[in-house]
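Chemist: Got a structure here, written out as structure tokens. Questions coming.
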Amino acid sequence: MSTRELAGWAFPLAESLLAEPLPRRWQHSIGVAERARSIAPILGTDADLLEAAAVLHDIGYAPDLAKTGFHPLDGARYLRDVAGADERVIRLVAHHSCAWMEAEARGLRDELEGEFPRGHPHLTDALCYCDMNTTPDGMPTNPVDRVNEIAGRYGADSLIGTFIRRAEPEILASTARVLERVAAVKRQPM
């Protein structure tokens with residue numbers, strides 16, 4: 001499958017897994033893919049790859065896929081074992097939005113990193129930017145409000161609440177790196 005065909009393949013797959021059982025999660029995924037399209041100028045030939053990973057990043061929440069309770073790992077395993085996805089998409093899904101920190105808190109870091117080596121940092125940053133700039137309903141937001149929303153939804157003392165606060169500096173740094181690249185592209189003469 002060529003890189004330009006990845007998003008076209010990914011959207012119906014994500015929809016089939018999320019739209020009915022988890023409609024809000026599906027709306028979030030659509031919004032994350034919209035953010036990916038908005039930063040396409042900094043991605044070059046990887047724009048379609050990122051859009052595919054963006055729409056698929058939360059499929060591990062789907063009831064039929066949730067095996068470990070850690071959605072990046074469950075989603076990546078499904079993409080590898082069942083869907084036969086592009087390895088780069090799988091790695092992005094496995095490592096989206098500081099997943100290694102949550103994996104560590106769950107005792108799954110060795111498993112995650114052993115099965116799915118991390119991908120290119122600029123794409124990992126880009127997917128984190130897209131995810132953390134999208135509300136649960138798919139609308140644009142900013143990473144500070146998104147982190148606060150996640151901590152509030154799960155509870156500050158929960159595993160997710162603790163993880164997201166620990167990840168916040170890296171989430172903000174990823175966002176800053178992406179915004180720096182967007183600004184640099186905008187400054188370039190046409």
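Chemist: Can you tell me which of (1) within 26 Å of Lys186 (Cα to Cα); (2) buried (at least 24 other Cβ atoms within 10 Å of the Cβ) is the one Ile42 doesn't meet?
Modeler: Looking at each condition in turn, Ile42 falls short on (2).
Chemist: Just the residues that are open to solvent by 20 Å² or more (accessible area, probe 1.4 Å) and either farther than 12 Å from Ala10 by Cβ or among the acidic types (Asp, Glu) (or both), please, taken from segment 72-87. Reasoning before the result, please.
Modeler: Keep residues of segment 72-87 that are open to solvent by 20 Å² or more (accessible area, probe 1.4 Å), which gives 77-78, 80-84, 86-87.
Those that are open to solvent by 20 Å² or more (accessible area, probe 1.4 Å) and either farther than 12 Å from Ala10 by Cβ or among the acidic types (Asp, Glu) (or both): Arg77, Tyr78, Arg80, Asp81, Val82, Gly84, Asp86, Glu87.
Chemist: Can you tell me which residues in segment 97-115 are open to solvent by less than 30 Å² (accessible area, probe 1.4 Å) and either of a type outside the set (Gly, Ala, Ser) or free of Cβ contacts under 8 Å to residues at least 40 places away in the same chain (or both)? Steps first, answer last, please.
Modeler: The initial filter retains those residues of segment 97-115 that are open to solvent by less than 30 Å² (accessible area, probe 1.4 Å), namely 97-99, 101-103, 108, 112.
Across segment 97-115, the qualifying residues are Cys98, Ala99, Met101, Glu102, Ala103, Leu108, Leu112.
Chemist: Just to be sure, is Arg118 open to solvent by 10 Å² or more (accessible area, probe 1.4 Å) and either touching a residue at least 60 places away in the same chain (Cβ under 8 Å) or assigned to a helix (DSSP H, G or I) (or both)? Outline the logic, then answer.
Modeler: Numbers: open to solvent by 10 Å² or more (accessible area, probe 1.4 Å): yes; either touching a residue at least 60 places away in the same chain (Cβ under 8 Å) or assigned to a helix (DSSP H, G or I) (or both): no.
So Arg118 does not fit the description; no.
Chemist: Give me the residue from segment 1-58 that is under 25 Å from Phe70 (Cβ atoms) and among the polar types (S, T, N, Q) and, out of that set, farthest from the chain's Cα centre (by Cα).
Modeler: That would be Ser16.
Chemist: Quickly run through segment 151-179 and pick out the residues that are open to solvent by less than 40 Å² (accessible area, probe 1.4 Å), in a helix (DSSP H, G or I) and farther than 17 Å from Trp100 by Cβ.
Modeler: Narrowing segment 151-179 to residues open to solvent by less than 40 Å² (accessible area, probe 1.4 Å): 151, 155, 158, 160-161, 163-164, 167-168, 171, 173-175, 178.
Right, trim to in a helix (DSSP H, G or I) and you get 151, 160-161, 163-164, 167-168, 171, 173-175, 178.
Result: Ala151, Gly161, Thr175, Val178.
Chemist: Moving to a separate point now. What do you reckon, is Ala94 crowded, with 23+ Cβ neighbours inside 10 Å, modelled with pLDDT of 95 or more and under 20 Å from Pro169 (Cβ atoms)? Please lay out each step first, then the result.
Modeler: Details: crowded, with 23+ Cβ neighbours inside 10 Å: yes; modelled with pLDDT of 95 or more: yes; under 20 Å from Pro169 (Cβ atoms): no.
So Ala94 fails the test.
Chemist: Further question: Within the bounds of segment 173-183, is there any residue that is under 30 Å from Pro41 (Cα atoms) and touching a Pro at 6+ places or on another chain (Cβ under 8 Å)? Let's see the steps before the verdict.
Modeler: Step one: filter segment 173-183 for residues under 30 Å from Pro41 (Cα atoms), giving 173-183.
Now narrow it down to the ones that are touching a Pro at 6+ places or on another chain (Cβ under 8 Å): 175, 182.
Taking every residue of segment 173-183 in turn, at least one turns out to be under 30 Å from Pro41 (Cα atoms) and touching a Pro at 6+ places or on another chain (Cβ under 8 Å).
Chemist: Further question on the same structure: What's the number of the only condition in (1) open to solvent by less than 20 Å² (accessible area, probe 1.4 Å); (2) within 30 Å of Arg187 (Cβ to Cβ); (3) polar (S, T, N, Q) that Thr124 fails to meet?
Modeler: The single condition Thr124 does not satisfy is (1).
Chemist: Can you report the number of residues in segment 34-56 which are out of contact with any Cys (no Cβ under 8 Å at 6 or more places or on another chain), touching a residue at least 24 places away in the same chain (Cβ under 8 Å) and either within 18 Å of Met132 (Cα to Cα) or not hydroxyl-bearing (Ser, Thr, Tyr) (or both)? Let's see the steps before the verdict.
Modeler: First, the residues of segment 34-56 that are out of contact with any Cys (no Cβ under 8 Å at 6 or more places or on another chain): 34, 37-38, 40-49, 51-53, 55-56.
Okay, now just the ones that are also touching a residue at least 24 places away in the same chain (Cβ under 8 Å), so 34, 41-43, 45-46, 48-49, 51-53, 55-56.
Within this subset, residues satisfying the condition of being either within 18 Å of Met132 (Cα to Cα) or not hydroxyl-bearing (Ser, Thr, Tyr) (or both) are 34, 41-43, 46, 48-49, 51-53, 55-56.
Residues flagged as out of contact with any Cys (no Cβ under 8 Å at 6 or more places or on another chain), touching a residue at least 24 places away in the same chain (Cβ under 8 Å) and either within 18 Å of Met132 (Cα to Cα) or not hydroxyl-bearing (Ser, Thr, Tyr) (or both) within segment 34-56 amount to 12.
Chemist: Then there's this: Out of curiosity, is Tyr61 touching a helix residue (DSSP H, G or I) at 6+ places or on another chain (Cβ under 7 Å) and farther than 22 Å from Ala167 by Cβ? Lay out the reasoning, then the answer.
Modeler: Working: touching a helix residue (DSSP H, G or I) at 6+ places or on another chain (Cβ under 7 Å): yes; farther than 22 Å from Ala167 by Cβ: no.
No.
Chemist: Let me ask another. Here are some conditions: (1) of a type outside the set (Asp, Glu); (2) part of a helix (DSSP H, G or I); (3) surrounded by fewer than 21 Cβ atoms within 10 Å (Cβ to Cβ); (4) in contact with a helix residue (DSSP H, G or I) (Cβ under 6 Å, 6 or more places away or on another chain). Gly138 meets all but one. Which one does it not meet?
Modeler: Condition (2) is where Gly138 drops out.
Chemist: Residues in segment 104-118: is at least one under 27 Å from Val144 (Cα atoms) and at pLDDT below 95?
Modeler: yes
The values are calculated or read from the model by the stated rules, or taken from the named source; none is laboratory data. Keep in mind that what you see is a predicted model, and the values were worked out from it rather than measured. Methodologically, a virtual Cβ is constructed for each residue, glycine included, from the backbone with ideal geometry; neighbour enumeration extends over all protein chains shown. Ligands, DNA and RNA are stripped out before the accessible areas are found, and what is left, the full protein with its side chains, is counted by its heavy atoms. Shrake-Rupley method; radii C 1.70, N 1.55, O 1.52, S 1.80 Å.
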